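Notes follow once the structure below has been shown.
The values are calculated or read from the model by the stated rules, or taken from the named source; none is laboratory data. Keep in mind that what you see is a predicted model, and the values were worked out from it rather than measured. For neighbour counting, all protein chains shown are included, and Cβ atoms are generated from backbone atoms with ideal geometry for every residue, glycine included.
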Amino acid sequence: MARLKLGILISGRGSNLQSLIDATANVDYPAEIALVISNVAGAQGLIRARTAGLPHATIEHRRNGGRAGFEAALQAALEAAGVELVCLAGFMRLLSEPFVTRWAGRMINVHPSLLPAFKGLKAHERVLEAGVKMTGCTVHFVVPEMDSGPIVAQAAVPVLAGDNADRLAARVLAAEHRLYPVAVRLLADGRARLVGGRVEIDEAGPSGLALLNPSDGAGLML
Ligand code: GRF
């Protein structure tokens, strides 16, 4: 069966990109990376793409005639590569409503909190400030309002005594690396579908679980 073609958009380190590179390296995984685009020249994630032998490009937001030009260049590159699902992975630009609408139901993002709590930047700092005992990460569809689209999958990560933002971020990031490939697999398999603004997941897997909790030691996978 044809594998779903992914376009990965990054701005920096690209560790979530790496988790998708590793997942897609398995020929049985139902998706493949057709293109990696960075809006920042020299981003570490571009080196990861090059090392993996993947098509990659830099499309800088400043050099393409403002947001409209930037997004037109993105669109052209994604189309030329035959991308079917766009995965934002540490992509630090807000995308315009027309662009997001064009990719409605075909663009996802990973965010380092249990949405709808702690949208936006500095989520871990705000988690610690609020004193919540559980946080995590979310893969969700992208809609024009930031960090607000239908949720595909989440992983829970406990906040521990003595945590600071860096320690917490590292544990949440490890959860992101497990969650993102799971979420992409669910979508690529057609087991997760958008229905009436929410994502429904078939309970067809061996575990039948729609929640991934990598921190519980049991390694529950969908
Ligand atoms: C991740 O924490 C992701 O949730 C957020 O930005 C970070 C990107 O990290 N959107 P990386 O570039 O994937 O290493």
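Residue 134 - would you say it is touching a strand residue (DSSP E or B) at 6+ places or on another chain (Cβ under 8 Å) and exposed (fewer than 15 other Cβ atoms within 10 Å of the Cβ)? Yes. From the list 60, 125, 84, 129, exactly one residue is in contact (Cβ under 8 Å) with a residue 40 or more places away in the chain and over 19 Å from residue 6 (Cα atoms). Which is it? Every option except 125 fails the conditions. Where helices (runs of 4 or more DSSP H) sit wholly within segment 1-114, those with at least 1 residues that are of a type outside the set (Val, Ile, Thr) and modelled with pLDDT under 95 occupy 66-80. Going by the structure shown, is residue 25 within 25 Å of residue 175 (Cα to Cα) and hydrophobic (A, V, I, L, M, F, W, C)? In short, yes. Put simply, of 31, 52 the only residue that is surrounded by fewer than 21 Cβ atoms within 10 Å (Cβ to Cβ) and more than 14 Å from the ligand (Cβ to nearest atom) is 52. Looking only at segment 173-202, filter to residues that are crowded, with 16+ Cβ neighbours inside 10 Å and acidic (Asp, Glu); which one of those is farthest from the ligand (Cβ to nearest atom)? Filtering first and then ranking leaves 189. Cβ-Cβ distances below 7 Å connect the following pairs, each with a first residue in segment 181-197 that is free of Cβ contacts under 8 Å to residues at least 12 places away in the same chain, a second residue that is surrounded by fewer than 17 Cβ atoms within 10 Å (Cβ to Cβ), and a separation of six or more residues or different chains: 193/200. Residue 6 meets the conditions (1) within 12 Å of the ligand (Cβ to nearest atom); (2) crowded, with 22+ Cβ neighbours inside 10 Å in every case but one. The failed one is (1). Just for segment 157-168: of the residues that are among the hydrophobic types (A, V, I, L, M, F, W, C) and surrounded by fewer than 17 Cβ atoms within 10 Å (Cβ to Cβ), which one is nearest to residue 18 (Cα to Cα)? The residue in question is 165. Residues in segment 119-155 that are in a loop (DSSP other than H, G, I, E, B) and in contact with a Gly (Cβ under 8 Å, 6 or more places away or on another chain): 142, 143, 146, 147, 150.
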